[in-house]
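A quick write-up on the structure given underneath.
The values are calculated or read from the model by the stated rules, or taken from the named source; none is laboratory data. Note that the structure is predicted; figures quoted are calculated from it, not measured. Don't worry about glycine lacking a Cβ; one is built from the backbone with ideal geometry, like all the others, and counts go over all protein chains shown. Surface accessibility is based on the protein's heavy atoms, side chains included, excluding ligands, DNA and RNA. Shrake-Rupley method; radii C 1.70, N 1.55, O 1.52, S 1.80 Å.
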Amino acid sequence: MNKGEQRTKKQSLIPDINPAMKRIPVLLVCLFLLFGCNSGKLPEGVIDEKKMINVLTDLSVMDGYMSTLTYTDTLRGQGQNLYASIYKKHDISKAIFDKSMKYYATQPVALDSMYSKVTRRLDAKEKKVFKTQTLKEIQSAK
């Protein structure tokens, strides 16, 4: 068997692709672009970024507080109430928060940007608390 015959045999092992099947990747890309780019409009029931940053900041502070306590069943119940108070403060429910987190998890650039802002806010709060503590220590030393 010469090389030409071998090539023909190999080519015959690969099935011919129906021309209509060649259009599927193009169609999928078009659908992705159509539905993947939502032109900035949030789905119904999703918290906007500004409010989400506020909620995430408050939840992070609460997480920090809860991590300093010894875990008990009583604390677990109180913790749920504390988290519920954050949702109430921002006029949302846990279900709305969870839906929003699921949405933003599909928007990694937006979520990363929000967490960067949350981190900056937490750093500013920490500096403010440290400054207040330092002033109190100076005043009590006099």
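In table form, for the structure just shown:
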{"quantity": "Lone qualifier among 120, 76 - being part of a helix (DSSP H, G or I), more than 15 Å from the chain's Cα centre (by Cα) and at pLDDT 95 or above", "calculated": "120"}
{"quantity": "Selected residue (criterion: nearest to the chain's Cα centre (by Cα)) from residues of segment 48-73 that are part of a helix (DSSP H, G or I) and of a type in the set (D, E, K, R)", "calculated": "49"}
{"quantity": "Residue 92 in a loop (DSSP other than H, G, I, E, B) and either of a type in the set (Val, Ile, Thr) or modelled with pLDDT under 95 (or both)", "calculated": "yes"}
{"quantity": "Residue within segment 10-32 that is surrounded by fewer than 11 Cβ atoms within 10 Å (Cβ to Cβ), at pLDDT below 55 and hydroxyl-bearing (Ser, Thr, Tyr) present", "calculated": "yes"}
{"quantity": "Residue count for segment 132-142, restricted to those that are among the charged types (D, E, K, R) and within 24 Å of residue 59 (Cβ to Cβ)", "calculated": "0"}
{"quantity": "Given (1) of a type outside the set (Gly, Ala, Ser); (2) in a helix (DSSP H, G or I); (3) in contact with a helix residue (DSSP H, G or I) (Cβ under 8 Å, 6 or more places away or on another chain), number of the condition residue 129 does not satisfy", "calculated": "(3)"}
{"quantity": "Positions within segment 37-61 being in contact (Cβ under 8 Å) with a residue 24 or more places away in the chain, open to solvent by 30 Å² or more (accessible area, probe 1.4 Å) and either of a type outside the set (Asp, Glu) or over 18 Å from residue 113 (Cα atoms) (or both), in sequence order", "calculated": "42, 43, 45, 51, 54, 60, 61"}
{"quantity": "Filter result for the condition that a residue is among the hydroxyl-bearing types (Ser, Thr, Tyr) and either open to solvent by 80 Å² or more (accessible area, probe 1.4 Å) or modelled with pLDDT under 95 (or both), over 71, 103", "calculated": "71"}
